[in-house]
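The values are calculated or read from the model by the stated rules, or taken from the named source; none is laboratory data. Keep in mind it's a predicted model, so treat the numbers as computed, not measured. Positions of Cβ are generated from backbone atoms using ideal geometry, with glycine treated the same way; all protein chains shown enter the neighbour counts. Keep in mind that these areas ignore ligands, DNA and RNA; they rest on the heavy atoms of the full protein, side chains included. Shrake-Rupley method; radii C 1.70, N 1.55, O 1.52, S 1.80 Å.
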Amino acid sequence: MNFIAKILEKPLDKLNELSQPGQPLEKMHRAVEAFDTFARTPALVTESKVHIRDSLDSKRLMSTVILALIPAVLFGMWNTGMQTINSVVGLDASFLNAMFIGAKVLIPQLVVSYAVGLGIEFIFALIRNHEVNEGFLVTGMLIPLTMPAEIPLWMIGVGTAFGVIFAKEVFGGTGFNFLNPALTARAFIFFSYPTKISGDNVWRAIEAHKEQLVDGYSGATPLAIAATAPRGTNVVEQLSEAGFNFKNMLIGTIPGSIGETSVIAFGIGALILLITGVASYKVMLSTIVGGAFMGIVFNLFGSETSLAFMNLPWYYHLVMGGFAFGAVFMTTDPVSAAATSLGKYIYGFLIGVLAILIRVLNPAYPEGMMLAILFMNIFAPLIDWVILQLNIRRRLARA
Amino acid sequence: MSIHYIKKGLDIALDGLAEARVETFTAAKTIALQPQDFPYIAWRLAVNEGDDVQIGSPVLVAKEDESLILTSTVSGKVKAIVRGERRALLRVEIESDGQNSAVEHGALSDDQIHGIELEVLCAKLKALGVWPLIRQRPFEKVADFNKLPKAIFINAMDTAPLAAQQAVILQNHQEFLQKGIDILKRFCKDIHLDSAVKDQSFEKYQRVQHQKFDGPHPAGLIGTHIAKVSPLNRGDVVWYLTAEHAALIGEAISKGITPTQTIVAVAGSKALRQQYFTITRHSAVADFAEIQWEDTRIISGNVLTGNSIGKEGFVGFYDSLISCIPEGGQQHYISEDQHWTGPGFKSFSTFRLFASKIFGNKKWNLNTSLNGGERAIILTENYERFVPHDIEVGFLLKAIIAEDIDEMEKLGLLELAPEDVALCTFACPSKVEVAEIVRQGLNILEKEG
């Protein structure tokens, strides 16, 4: 027994004892259990006829997703800092300072998101007397990563509460929700407080340095520039005039939601998710194929007189906005995605198509990814239903 | 001969596989017949405590079918009638007197086997107590003579962890397997003998269709064989039994007495002698096996489908394996290898999430720890990795939990038995009891008729 076990064993045993029926902490039983099983694995043994079990539990499963998000978190922190440094005169441009500025933005957001979300999760677990689910550990990290740097913290709190309660808990909690809770939280903020989550002035943390902005400062994101490029102009040139090219959009040194800019960082996350088999390659791959397909269709139909956005080379779409982030971390949420094998391909493909369709053709929503995923979340059960009917028909045809 | 390659599934290489060495234990002390081996059948006692019985004497009689009986495999005295909660009958224990006096039913010659009326043949098998060895799908229940099957499957392979090899088990009554096949052929012309691709010892048997299977577990399960060879459609019935049990039927008819001998494997890291034993059928485990009894789960059957029987347990009616694995429940603290944050050098998993995937052992000494807590189902397409049937297991479970009878049947529940989805239970990170849910679903369908 190592020293950590020696330190923890007695207090944990005592806490467990106090939360047994008839003891003072009885009502807190599920909360105690959550802490206990965090610190040490449960003493449970198999009781059914399947006497041995795989070592994987939901805690490790969820932690893997969090691990996959770490590159996006770290890059997001640095990039948030760098965006501020580049927009303001006279700031120290060192790596450490950038991380420091970024951390000052992101960490309070994470704290609010986790405090509100886990608080609700615990309350529901205590009321309903079920285990505290680990699902929110992922949701709580996804929410700040999809937010602009300048979002007021209370909005994150309200959005998180909305997402967790109305997208998840009212349906029975983790595993029973049909919408992605993190995206629901974002959609709630998007429609309730549109000025704080869209437009040109929210993406960089510059509120404190308003007087020292560099000359010619513009906070516009590549998507906003592409969407507003006048007919007949070359959209790639317009982007590069604003300082955006394929390379920096791929690396992610551009303004945007905190964790959504670096395709390289998501690539690392995607590798972790795919190698471990935690996320479905079917969904991820078909989303990217769907997006590329729609981009190519626009390229084919685009002409000099059409929307300039239609002529944007298709591969630019894949590195702009929230597309890559959504494809890796949002579409692959197994609970809200289609569950059948073929269904996953259809689900992902349609998300990719819809995201680019909304992005290019709907001027009110410069980013279509969030809405495309939520829309397909709603249709996922229908896709699965069709696949199940095919399965049933095969069974009947065999007879 | 057809060869079927199974791709889906998982072989779990457990420590302590039985060596192919057979030791004879002729003098059984106690045997027991246990109603738990026969779901869907209510039994009434044919004996009282202290009664004298012979080999072949009826001990239990099915309430719904008086001709269906379970017979003693020793001569001696009824030692105890053990009841559990609400007086449910757990088992009837019989102590051997070592005399081996048997009830004679008269042997049948080959000509008689072919000429005798089917009803008479069935009655004979029932009287000898070997009829219950034949089971049927759907539902894994004892075969019903009133509805003859579309096919009979004789299984001569097993791919479960630590499984006993049919070729070893069969060595005492090999000569009776052909006879058993011929007897079964009277009930159905379509007989399949399923064996592993690597095992040629069963190819000499005649008047059967040879089906060869290769691949990971559940390639050796009868449910897989039926799905690949002759899938169950609405209203279909298929009978099945192991090759050894077919041989026991042949032996019973040839000799006219209830067969008493069988071979079982004792395996697992907690078994002191990991080998095969010739024993009296239904013997007490303690009479022949040498096991490190402390902190051990003793299972009649394999670790994915067997019953935990404890020190005083008996070999189950259909089982030819006693698995002995360590009890779990050890708590691993944060910073330890097997904590959920640890690297997991010692953690066996089907997921590529542990260091053991790279540096792992070839053989595993798994214990009975649940390795986590119960949660809602999160991952999708996880269960389908282990089920070769064309069935959407995740959706089937939802239909069962919702008690949607129509939907569960449409989604193919009748093609499954709990053992077919045992690996899904094993590999579920949410620790959902998939096999138990399937069992509940089948119970609902059975009750509905």
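State the extension gain, in nm to one decimal, for the chain segment bounded by A:LEU382 and A:ILE268, taking 0.36 nm per residue of separation less the distance between their alpha-carbons. Write out the running numbers ahead of the final one.
Details: separation 114, 0.36 × 114 = 41.04 nm, distance 3.22 nm.
Residue separation times 0.36 nm, minus the Cα-Cα distance, leaves 37.8 nm.
Angle check, please: helix A:95-128 long axis (alpha carbons) against the longest principal axis of chain A (alpha carbons), in degrees 0 to 90, nearest 10.
40 degrees
Could you tell me what a quarter of the Cα convex hull surface of segment B:383-448 works out to, in nm² with one decimal place? Walk me through the numbers on the way to the answer.
On the way: hull surface 15.3 nm².
Approximately 3.8 nm², given one-decimal rounding.
Over chain A, with a Gaussian network built from C-alpha contacts below 10 Å, which listed residue (A:LEU74, A:LEU179, A:LEU118) shows the highest mean-square fluctuation?
A:LEU74
How compact is segment A:268-331 by the rule of thumb for globular proteins, expressed as Cα Rg over 2.2 N^0.38 Å?
On the way: Rg = 14.0 Å, N = 64, 2.2 N^0.38 = 10.7 Å.
Scaled against compact globular proteins, the figure is 1.31.
I need the P(r) histogram for segment B:314-378: all alpha carbon pairs, bin width 10 Å from 0 out to the longest distance, whole percents.
Per 10 Å bin, starting at zero, the Cα-Cα P(r) for segment B:314-378 comes out as 18, 40, 28, 13, 1 percent.
Find the percent of Cα-Cα distances in segment B:329-436 that exceed 18 Å, and round it to a whole number. Don't skip to the end; give the middle numbers.
Numbers: 3204 of 5778 pairs.
Value for segment B:329-436 (Cα pairs over 18 Å): 55 percent.
Could you work out the helix-only [θ] at 222 nm for chain B, with each DSSP H run of four or more residues adding -39,500 (n - 2.57) and the total divided by the number of residues, to the nearest 500 deg cm²/dmol?
Values: 12 runs with 94 residues, N = 449.
Here the helix-only value at 222 nm equals -5500 deg cm²/dmol.
Rg/Rh for segment B:265-307 to two decimals, with Rh computed the Kirkwood way over all alpha-carbon pairs.
Details: Rg = 10.1 Å, Rh = 11.0 Å.
Looking at segment B:265-307, the ratio lands at 0.92.
If the chain between B:GLU403 and B:GLU64 were fully stretched, how many nm would it gain, using 0.36 nm times the residue separation less the Cα-Cα distance? It would help to have the intermediate numbers written out before the result.
Numbers: separation 339, 0.36 × 339 = 122.04 nm, distance 2.72 nm.
Gain on extension, B:GLU403 to B:GLU64, equals 119.3 nm.
For chain A, take the convex hull of the Cα atoms, compute a quarter of its surface area, and give me that in nm², please. Before the final figure, lay out the partial values.
Values: hull surface 100.4 nm².
Projected area, direction-averaged: 25.1 nm².
Going by alpha carbons, how many degrees (0 to 90, nearest 10) lie between the helix axis of A:135-145 and the longest principal axis of chain A?
Tilt of helix A:135-145: around 20 degrees.
Using only Cα atoms, locate the centre of segment B:202-281 and the centre of segment B:1-71, then give the distance between them in Å, rounded to an integer.
Taking the Cα centre of segment B:1-71 as reference, the centre of segment B:202-281 is 12 Å away.
Can you tell me the dipole magnitude for the protein assembly as shown around its Cα centre, using point charges on the Cβ only (Lys, Arg +1; Asp, Glu -1), in Debye to the nearest 20?
Details: 73 positive and 85 negative charges, 168 e Å.
Using Cβ point charges on Lys, Arg, Asp and Glu, the protein assembly as shown gives about 800 debye.
Tell me the mean residue ellipticity at 222 nm calculated for chain A from its helices only (DSSP H runs of n ≥ 4, each -39500 (n - 2.57), averaged over every residue, nearest 500). The partial results should precede the final answer.
Details: 16 runs with 245 residues, N = 399.
Only helices count here, giving -20000 deg cm²/dmol.
Once R0 is set to 56 Å, what does the formula 1/(1 + (r/R0)^6) return for the Cβ-Cβ distance between B:ASP337 and A:THR305, expressed as a FRET efficiency to the nearest 0.05? It would help to have the intermediate numbers written out before the result.
On the way: r = 66 Å, r/R0 = 1.17.
So the FRET efficiency works out to roughly 0.30.
Quick one: grab Rg to one decimal and Dmax as a whole number for segment A:131-199, Cα atoms only, in Å.
Spelled out, the Cα radius of gyration and Dmax of segment A:131-199 are 11.9, 41 Å.
Using all Cα-Cα distances in segment A:161-209, what percent lands in each 10 angstrom bin from 0 up to the longest?
Result, from short to long distances: 27, 36, 24, 12, 2 percent.
Beyond 19 Å, what share of the Cα-Cα pairs of segment B:340-395 is found? Please give it as a whole percent.
Distances greater than 19 Å cover 47 percent of the Cα pairs.
With the crude spin-label approximation of a point 7 Å out along Cα→Cβ, what separation in nm comes out for A:LEU126 versus A:LEU15?
If labels sit at A:LEU126 and A:LEU15, their model points lie 1.4 nm apart.
Roll a 1.4 Å probe over the protein heavy atoms and report the accessible area of B:ARG91 in Å², nearest 10.
Ignoring ligands and nucleic acids, B:ARG91 comes out at about 50 Å².
So if the hydrodynamic radius of segment B:195-309 is defined as the Kirkwood radius over C-alpha pairs, what does Stokes-Einstein give as its diffusion coefficient at 4 °C and 1.567 mPa s, in µm² per second?
On the way: Rh = 17.1 Å.
For the chosen part, D equals 76 µm²/s.
So what is the relative contact order for segment B:383-448, in percent, with contacts set as C-alpha pairs under 8 Å and at least six apart?
Values: 73 pairs, mean separation 23.4, N = 66.
Relative contact order of segment B:383-448: 35 percent.
So how much accessible area does B:GLU119 have, in Å² to the nearest 10, using a 1.4 Å probe?
In the full protein context, B:GLU119 sits at about 110 Å².
What number results when the radius of gyration of segment B:272-366, computed over Cα atoms, is divided by 2.2 N^0.38 Å? It would help to have the intermediate numbers written out before the result.
Details: Rg = 16.6 Å, N = 95, 2.2 N^0.38 = 12.4 Å.
Rg over 2.2 N^0.38 Å, computed on Cα atoms: 1.33.
Points 7 angstrom from Cα along the Cβ direction at A:GLN23 and A:ALA399: gap in nanometres?
5.5 nm
Counting just the Cα atoms, what span does chain B cover along each of its three principal axes? Round to the nearest Å and put the largest first.
The principal-axis extents, from largest down, are 67, 47, 46 Å.
Please report the equivalent ellipsoid semi-axes of the protein assembly as shown, computed as sqrt(5 x eigenvalue) of the Cα gyration tensor, largest first, in whole Å. Intermediate values should be presented prior to the final figure.
Numbers: eigenvalues 785, 176, 91 Å².
Semi-axes, largest first: 63, 30, 21 Å.
So for the pair A:PHE3, A:ASN245, with labels modelled 7 Å out along Cα→Cβ, what separation do we get in nm?
Spacing of the two 7 Å Cα→Cβ label points: 5.5 nm.
Let me have the relative contact order for chain A, percent, based on Cα pairs under 8 Å that are six or more residues apart. Please report the intermediate quantities before stating the final value.
On the way: 619 pairs, mean separation 61.8, N = 399.
Dividing the mean separation by the residue count of chain A yields 15 percent.
Can you work out D for segment A:9-50 in µm² s⁻¹ from Stokes-Einstein, where Rh is the Kirkwood radius over C-alpha pairs, the temperature is 4 °C and the viscosity is 1.567 mPa s?
On the way: Rh = 11.1 Å.
Value of D from the Cα-based Kirkwood radius: 117 µm²/s.
For helix A:181-192, report the angle its Cα long axis makes with the longest principal axis of the Cα atoms of chain A; keep it between 0 and 90° and round to the nearest 10°.
Approximately 50 degrees, to the nearest ten.
What percent of all Cα-Cα pairs in segment A:324-374 falls into each 5 Å bin, going from 0 up to the bin containing the maximum distance?
5, 23, 30, 22, 12, 6, 2
Keeping every protein chain in place, order A:MET284, A:MET28 by accessible area at 1.4 Å, biggest value first, i.e. largest first. Please list the in-between numbers first.
On the way: A:MET284 10, A:MET28 85 Å².
These residues rank, largest area first, as A:MET28, A:MET284.
Report the accessible area of B:PHE359, computed with a 1.4 Å probe over the heavy atoms of all protein chains in place, in Å² rounded to the nearest 10.
140 Å²
Among B:LYS141/B:LYS179; A:LYS27/A:LYS59; B:LYS7/B:LYS431; B:LYS150/B:LYS204; B:LYS228/B:LYS431; B:LYS212/B:LYS447, which pairs are too far apart, with a Cα-Cα distance over 27 Å? Write down the numbers at each step before the final one.
Values: B:LYS141/B:LYS179 24 Å; A:LYS27/A:LYS59 23 Å; B:LYS7/B:LYS431 24 Å; B:LYS150/B:LYS204 24 Å; B:LYS228/B:LYS431 29 Å; B:LYS212/B:LYS447 35 Å.
Pairs exceeding the cut-off: B:LYS228/B:LYS431; B:LYS212/B:LYS447.
Note the direction-averaged projected area, equal to a quarter of the hull surface, for the Cα convex hull of segment A:289-399, in nm².
Details: hull surface 31.4 nm².
Averaged projected area of segment A:289-399's Cα convex hull equals 7.8 nm².
So what does the Cα-only Debye profile of segment A:60-197 read at q = 0.11, 0.13, 0.19 Å⁻¹, as log10 I(q)/I(0), no solvent term?
Log-scaled intensity ratios, in q order: -0.43, -0.58, -1.07.
Evaluate the relative contact order of segment B:88-144 (contact order divided by residue number), counting alpha-carbon pairs under 8 angstrom at least 6 apart; express in whole percent.
Numbers: 20 pairs, mean separation 10.2, N = 57.
Answer for segment B:88-144 is 18 percent.
Could you list the residues of segment A:94-131 with an amide nitrogen less than 18 Å from a label point located 7 Å from the Cα of A:GLN212 in the Cα-to-C-beta direction?
A:94-105
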